[in-house]
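For reference, the structure discussed in these notes is given below.
Every read-out reported here was derived from the displayed coordinates using simple, explicitly stated rules and does not represent laboratory data. Note that the structure is a prediction, hence the values are computed from the model and not measured. Cβ placement follows ideal geometry from the backbone for every residue including glycine, while neighbour counts extend to all protein chains displayed.
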Amino acid sequence: MKKAQGKGLGRALMEFSFERARESGKNLVWLKVMDSSAAAIAFYEKMGFEKCGKVTLDYPVMRKELRGMFILRKRI
């Protein structure tokens, strides 16, 4: 939501997730993001994620232009 943007909530949640992953002995976090979500992609890249793949969702009821997903990863 626009009114929640820019308050550091997303960053705080990501840092929380990274810390939980480290506590579990993990050194890599990955996620998928819609390739049409420029703001989300920019946020994740700002958080240190890098693109490492792409997939296309196979849901016939979903609009074709919204089916693309980037796979992002970050070493922690």
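Worth pointing out:
- If R0 equals 35 Å, the separation of the Cβ atoms of Phe16 and Leu66 corresponds to a calculated FRET efficiency of about 0.80.
- 11 Å reach of a label modelled at Ala4, 7 Å along Cα-to-Cβ, counting backbone N of the range 28-71: none
- Note on the range 35-76: Cα-only Rg and Dmax are 11.7, 37 Å.
- Computed from Cα positions, the angle between helix 9-23 and the longest principal axis of the chain comes to roughly 60 degrees.
- Helical runs assigned H by DSSP (4 residues or longer) give the chain a calculated mean residue ellipticity at 222 nm of -10000 deg cm²/dmol, each run adding -39500 (n - 2.57) before division by the residue total.
- Listed residues Lys46, Lys32, Lys64, most fluctuating in the chain (Gaussian network, C-alpha, under 10 Å): Lys64
- Alpha carbon convex hull of the chain, volume per residue in cubic angstrom: 107 Å³
- Candidate cross-link partners of Lys46 among the aspartates and glutamates, defined by an alpha-carbon separation under 17 Å and a same-chain spacing of 8 or more, comprise Glu15, Asp35.
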